[in-house]
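> Provided herewith is a single structure, encoded as structure tokens, for subsequent inquiry.
The values are calculated or read from the model by the stated rules, or taken from the named source; none is laboratory data. Small disclaimer: the values here were computed from a predicted structure and weren't measured. Glycine gets a Cβ as well: all are built from the backbone with ideal geometry, and neighbour counts include every protein chain shown. We work out accessible area using only protein heavy atoms, side chains counted, and drop any ligands, DNA or RNA first. Shrake-Rupley method; radii C 1.70, N 1.55, O 1.52, S 1.80 Å.
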Amino acid sequence: QVQLVESGGGLVQAGAARRLSCAASARIFSSVAMGWFRQAPGKEREFVAAMSGNRISYADSVKGRFTISRDNAKNTVYLQMNSLKPEDTAVYYCATGPSWARDKETSYTYWGQGTQVTVSS
């Protein structure tokens, strides 16, 4: 059983940056897949970014603005969000799975409870 706890959300102005953290209760090996998803009000949850080993992928909507990274020593995954836009407003979730899954939610085994990011215009 792995517990994931997201943090770093809050209210930010458009154009600002924010870094989300996802702390895992167990060791995260570099080969394990980590993903970030988000869900805006009234919308379905959508893929944001994922990484496994040296493989990284982003949704087109965040490519060039968001960066996913991990610190295995701290069992933590990060999502650096730059140039935030109002449309980035959502609850952000991290998830982990046994292998590369990118945007396939059913392949992620454990999910965090989410952290709210609100971007004001």
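> Quick one: net charge around residue 99, please, counting Lys, Arg +1 and Asp, Glu -1 for every other residue with C-beta under 15 Å from its C-beta.
On the way: positive: 55, 102, 104; negative: 103, 105.
Residues near residue 99 contribute +1 overall.
> Next question, about the same structure. Could I have the simple spin-label model distance between residue 25 and residue 83, label points 7 Å from Cα toward Cβ, reported in nm to one decimal?
The modelled label-to-label distance comes out at 3.9 nm.
> Could I have the simple spin-label model distance between residue 43 and residue 103, label points 7 Å from Cα toward Cβ, reported in nm to one decimal?
1.2
> To continue, here is another question. Of the GluC sites (Glu not before Pro) in the stretch 2-104, which ones lie in a loop per DSSP and count no more than 15 other C-beta atoms within 10 Å? Mind showing how you got there, number by number?
Numbers: sites: 6, 44, 46, 87; in loops: 44.
In loop regions of the stretch 2-104 (DSSP not H, G, I, E or B), the sparsely surrounded GluC sites (Glu not before Pro) are 44.
> Just the number, please: carbon plus sulfur as a percent of the accessible area of the stretch 28-76, 1.4 Å probe, no ligands or DNA/RNA counted. Present the calculation step by step, with values, prior to reporting the outcome.
On the way: 1170 of 2570 Å².
The C+S portion of the solvent-accessible surface of the stretch 28-76 is 46 percent.
> Write out the trypsin sites (Lys or Arg not before Pro) in the stretch 7-89 meeting two conditions: DSSP loop, and at most 12 other Cβ atoms within 10 Å of their Cβ. Don't jump to the answer; show the numbers that get you there.
Working: sites: 18, 19, 27, 38, 43, 45, 55, 63, 65, 70, 74; in loops: 27, 43, 45, 63, 65.
Filter output for the stretch 7-89: 27, 43, 63.
> Separate question: Can you check what the Kirkwood hydrodynamic radius comes to for the chain, Cα pairs only, in Å to one decimal? Kindly include the intermediate steps, with their values, before the conclusion.
Numbers: mean 1/r = 0.0713 Å⁻¹.
With all distinct Cα pairs of the chain included, I get 14.0 Å.
> Take a quick pass over the chain and tell me how many lysine pairs come in under 24 angstrom between Cα atoms, counting only ones 8 or more apart or on separate chains.
5
> Would you tally the net charge around residue 82, using a Cβ to Cβ cut-off of less than 14 Å, leaving residue 82 out, and scoring K and R as +1, D and E as -1? Kindly include the intermediate steps, with their values, before the conclusion.
Numbers: positive: 18, 19, 63, 65, 85; negative: 88.
That sum, taken over residues with Cβ under 14 Å, equals +4.
> Using the Cα centre as the reference, give the magnitude of the dipole from point charges on the C-beta atoms of the chain (Lys, Arg: +1; Asp, Glu: -1; all else neutral), rounded to the nearest 20 debye. Show your work: numbers first, answer last.
Values: 14 positive and 9 negative charges, 52 e Å.
So the dipole magnitude of the chain works out to roughly 260 debye.
> Separation between the residue 75 and residue 120 pseudo-spin-labels, each 7 Å from Cα along Cα→Cβ, expressed in nm?
For residue 75 paired with residue 120, the spin-label model returns 3.6 nm.
> Suppose all protein chains stay in the model; what accessible area per residue would a 1.4 Å probe give for the stretch 1-58, in Å²? Can you show the working numbers first?
Values: 3190 Å² over 58 residues.
Per-residue accessible area for the stretch 1-58 comes out at 55 Å².
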